[in-house]
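Before any comments, here is the structure.
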Amino acid sequence: MSRIGLRPIPLPQGVTVQFEGQHITVHGPLGTLERELVPDMQVTQEGDTLVVRRPSDSKRHKAFHGLTRSLVANMVIGVSEGYRKDLEIHGVGYKAQMIGDAIEIQVGYSHPVRMEPPAGIKFTLEGAQRVGVQGIDKELVGEVAARIRAIRKPEPYLGKGIRYAGEQIRRKAGKAGKVG
């Protein structure tokens, strides 16, 4: 039994949902998100909550039950509160700066790396070592944050690179000296 799929999704004030077959559109104060759902799942609005139902107890339907509920809940949270991922830049001379809407990152390459935000994403900068990625689509925020981190992943010996805020890097010992 999907415990996640059985939980109803509360609709915050100002969020409306429209269904057209398996196409769902969620409108909120921060924007609008659309998604095509799995054909077998049924999403209905009951008062100020959304309920996801599955047609049978087959393994496939059980798997999609929790997934569908999570996707719809992420859409509702996205249009009402939004999502944010923070990244930290560690290393001597490593820094970031805003150029218009884009972000330019210097992380030890011979050139700065410039990244334009895709539609629906906004970059913020707190100091020269902290980059924020904001948006209403949870998947897109996570994907853009992962692309920024991939510019220079944190290395295990000195810990230099770009990491998520609060991420712990497993450090390795350096080269052992010759004894004797």
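Read-outs: derived from the displayed coordinates by stated rules, not from any lab. Since we're looking at a predicted model, the values are computed, not measured. So basically every Cβ, Gly included, is an ideal-geometry build from the backbone, and we count neighbours across all protein chains shown.
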Inset, instruction - Exposed loop chymotrypsin sites (Phe, Trp or Tyr not before Pro) only (DSSP loop, at most 15 other Cβ atoms within 10 Å): please give the longest stretch of the chain free of them, not including the sites. - result: 1-108
Inset, instruction - Considering only P117, P156, P39, give the residue with the highest GNM mean-square fluctuation for the chain, with springs between Cα atoms whenever their separation is below 10 Å. - result: P39
Legend entry - Under 5 Å, built H, 5+ apart or other chain: amide partners of A165: D86, L87, E88
Legend entry - Relative contact order computed over the chain (Cα-Cα under 8 Å; 6+ residues apart), in percent: 18 percent
Legend entry - the chain: calculated mean residue ellipticity at 222 nm from DSSP helix runs of at least 4, using -39500 (n - 2.57): -7000 deg cm²/dmol
Legend entry - Cross-link reach list, aspartates and glutamates versus K62, counting only Cα pairs under 19 Å and skipping chain neighbours closer than eight places: E36, D40
Inset, instruction - Starting with the fewest neighbours, write out M41, M98, M75 ranked by other beta-carbon atoms found within 10 Å of each beta-carbon. - result: M98, M41, M75
Inset, instruction - Counting other Cβ atoms within 10 Å, keep those with at most 15, restrict to DSSP loop, and tell me which GluC sites (Glu not before Pro) in segment 72-180 are left. - result: E81, E167
Inset, instruction - Mind putting a number on the dipole of the chain about its Cα centre? Charges go on the C-beta only, +1 for Lys and Arg and -1 for Asp and Glu, and I need it in Debye to the nearest 20. - result: 1300 debye
Inset, instruction - Would you kindly derive the ³J(HN,Hα) couplings of segment 138-146 from the backbone phi angles with the Karplus curve 6.51 cos²θ - 1.76 cosθ + 1.60 (θ = phi - 60°), listing them in order in whole Hz, with x for Gly and Pro? - result: 4, 4, 5, 4, x, 5, 5, 4, 5
Inset, instruction - Pairs of lysines 8 or more apart, or on different chains, with alpha carbons under 30 Å: count those in segment 81-177, would you? - result: 21
Legend entry - For segment 87-104, Karplus couplings with θ = phi - 60° (6.51, -1.76, 1.60), whole Hz, Gly/Pro x: 10, 10, 10, 10, x, 5, x, 7, 7, 10, 8, 8, 10, x, 8, 7, 10, 10
